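The structure under discussion appears below in the form of structure tokens.
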Amino acid sequence: MDTTQNDIKHLFQQLGLAFQPKDIEDFINNNKIPADIHLAEAAFWNSAQRHFLKESLNEDAQWSELIDQLDVLLRK
């Protein structure tokens, strides 16, 4: 059983990104996605991150709700 806590900090860890509050804020402020681009297709992801996002969303995995939240934050 996976006991990983599900919050934005842990999603960033899962993606291999810096995950301190300032790092997360900077990432969101510096990486915006146009409305016509799917989250996983954004240019700033590497192939492993892209795969994780796609797979998590396709399988409605434990991370999918947080990925949806990140998607919204990157479009504001």
* Cα-projected label distance for residue 23 with residue 58, points at 7 Å along beta-carbon direction, nm -> 2.8 nm
* Before rounding to the nearest 500, sum -39500 (n - 2.57) across all DSSP H runs of length at least 4 in the chain and divide by the residue total; then give [θ] at 222 nm in deg cm²/dmol. => -15000 deg cm²/dmol
* To do: Enumerate by residue number the trypsin sites (Lys or Arg not before Pro) in segment 1-72 meeting two conditions: DSSP loop (anything except H, G, I, E, B), and at most 15 other Cβ atoms within 10 Å of the site's Cβ.
  => 32
* Structure fact -> Around residue 24 (Cβ within 15 Å, Cβ-to-Cβ, excluding residue 24; K/R +1, D/E -1) the net charge comes to -1
* Given (1) 12.7; (2) 16.8; (3) 14.3, the label whose value is Kirkwood radius over Cα pairs in Å derived from this model -> (1)
* Solvent-accessible area per residue, Å², over the chain with all protein chains present [probe radius 1.4 Å] -> 64 Å²
* Asked: So how much slack lies between residue 10 and residue 44, counting 0.36 nm per residue of separation and subtracting their Cα-Cα distance, in nm?
  -> 10.4 nm
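When the dipole is taken about the Cα centre of the chain, and only Lys, Arg (+1) and Asp, Glu (-1) are charged at their Cβ, what size is it in debye, to the nearest 20?
Charge dipole of the chain: 300 debye, to the nearest 20.
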* Given a 1.4 Å probe and every protein chain left where it sits, what share in percent of the accessible area of the chain is carbon and sulfur? -> 49 percent
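Quick one: compute the contact order of the chain, relative version, from alpha carbon pairs under 8 angstrom and 6+ residues apart, as a percent.
35 percent
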* Options 47, 28, 70, ranked by Cα towards positive dipole end of the chain, top entry (Cβ charges) -> 28
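The values are calculated or read from the model by the stated rules, or taken from the named source; none is laboratory data. Quick caveat: nothing in here was measured; it's all calculated off a predicted structure. Every residue, glycine as well, gets a Cβ built from its backbone with ideal geometry; the counts of neighbours run over all protein chains shown. Heavy atoms of the whole protein, side chains included, go into the accessibility calculation; ligands, DNA and RNA do not. Shrake-Rupley method; radii C 1.70, N 1.55, O 1.52, S 1.80 Å.
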